[in-house]
Amino acid sequence: MITKQDIIAKARTKGRTILTEIESKELIKQAGISVSETVLATSKEEAVALSQRLGFPAVLKVASPDVVHKSDAGGVKLGLKTASQVGKAYDDILKAIRREYPQASIQGVSVQKMAPPGVEVIIGMSKDPQFGPVLMFGLGGILVEILKDVSFRIVPLVRRDAAEMIKEIKGYPLLESFRGQEPADVPHLEELLLKLSDFVEQRPEIKEIDLNPIFAYSRGSIAVDARVILEEASQ
Ligand code: ADP
Ligand code: MG
């Protein structure tokens with residue numbers, strides 16, 4: 001099993017502070033947060049074999065520490081239903097990234113299963129120069145990007161902070177009933193915030209965490225994207 005230290009140490013030996021999606025998910029999983037199982041393919045054949053093992057529909061994404069916004073650059077392909085769609089997606093992703101980011105070092109393509117639709121939420125951690133680690137909660141998509149409908153609390157959080165930060169966003173009604181779906185599991189989301197708060201306290205070498213999005217379900221959740229940034233090695 002890969003340990004937290006191995007993931008961080010490996011990135012550091014390569015002089016990187018930005019972890020890839022795969023490394024970030026590995027680390028976040030160890031905080032007790034569910035992530036979509038994500039495996040690296042370094043060839044088209046491997047991507048096809050992995051998607052067959054993980055199950056269709058599959059998702060392919062560029063795996064590169066130099067590409068932060070993967071979908072903007074044509075680096076994410078969703079809902080791939082067959083081996084031939086996976087093979088084509090592999091080629092298309094590499095072509096798009098080489099065009100958009102000619103300098104990027106590409107590790108390969110990550111393969112994961114398409115998660116069932118849920119309410120998209122975002123949980124993040126950043127460090128305030130005065131208050132130290134702060135957690136952020138919001139609903140995914142335009143609510144965060146355009147309306148900045150997010151809430152913040154300083155680490156460490158207690159249960160009441162977690163409950164309040166979920167309830168105080170304007171989009172909260174979407175968690176109670178979204179397009180006629182069952183309500184999202186709010187106590188579970190509170191638990192996620194508390195787990196992340198604990199994790200962040202134990203890991204001062206982490207500078208930033210971005211779980212964007214997490215699909216929230218009527219029971220549980222799955223983080224389908226993750227990005228972790230480390231502090232510079234000297235700290
Ligand atoms: P980006 O680097 O652009 O943020 P993401 O990994 O977040 O890339 O993928 C873009 C979008 O694709 C997500 O916001 C989500 O809606 C969808 N997505 C990503 N991974 C999955 C998955 N495993 N299952 C279902 N949808 C996914
Ligand atoms: Mg994302």
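Hey, any hits in region 183-200 for a residue that's touching a Phe, Trp or Tyr at 6+ places or on another chain (Cβ under 8 Å) and open to solvent by 10 Å² or more (accessible area, probe 1.4 Å)? Within region 183-200, one or more residues are touching a Phe, Trp or Tyr at 6+ places or on another chain (Cβ under 8 Å) and open to solvent by 10 Å² or more (accessible area, probe 1.4 Å).
Counted as qualifying within region 159-235 are the helices (runs of 4 or more DSSP H) with 2 or more residues that are under 15 Å from residue 121 (Cβ atoms), of a type in the set (D, E, K, R) and modelled with pLDDT of 95 or more, namely 186-202. Contact annotation: residue pairs with Cβ atoms under 8 Å, 6 or more positions apart or on different chains, pairing a residue in region 52-69 that is closer than 16 Å to residue 42 by Cα with a partner that is open to solvent by less than 30 Å² (accessible area, probe 1.4 Å) and of a type in the set (D, E, K, R), are 61/21; 61/70; 62/70; 63/21. Of the residues making up region 18-43, those that are surrounded by fewer than 17 Cβ atoms within 10 Å (Cβ to Cβ) and more than 30 Å from residue 188 (Cα to Cα) are 42, 43.
Scanning region 95-143 for residues that are free of Cβ contacts under 8 Å to residues at least 60 places away in the same chain and of a type in the set (D, E, K, R) yields 95, 98, 99, 100, 128.
Residue check: residue 114 meets all listed conditions (1) open to solvent by 20 Å² or more (accessible area, probe 1.4 Å); (2) within 16 Å of ligand 1 (Cβ to nearest atom); (3) closer than 21 Å to residue 31 by Cα; (4) not charged (D, E, K, R) but one, namely (3). Taking residues in region 23-41 that are free of Cβ contacts under 8 Å to residues at least 12 places away in the same chain, and partners anywhere that are aliphatic (A, V, I, L, M), the pairs with Cβ atoms closer than 7 Å and at least 6 places apart or on different chains are 29/35.
The values are calculated or read from the model by the stated rules, or taken from the named source; none is laboratory data. Predicted model, so just to flag it, every value in this text is computed and none were measured. All Cβ positions, glycine included, derive from the backbone under ideal geometry; neighbour counts span all protein chains shown. The area values use the complete protein model at the heavy-atom level, side chains included, leaving out ligands, DNA and RNA. Shrake-Rupley method; radii C 1.70, N 1.55, O 1.52, S 1.80 Å.
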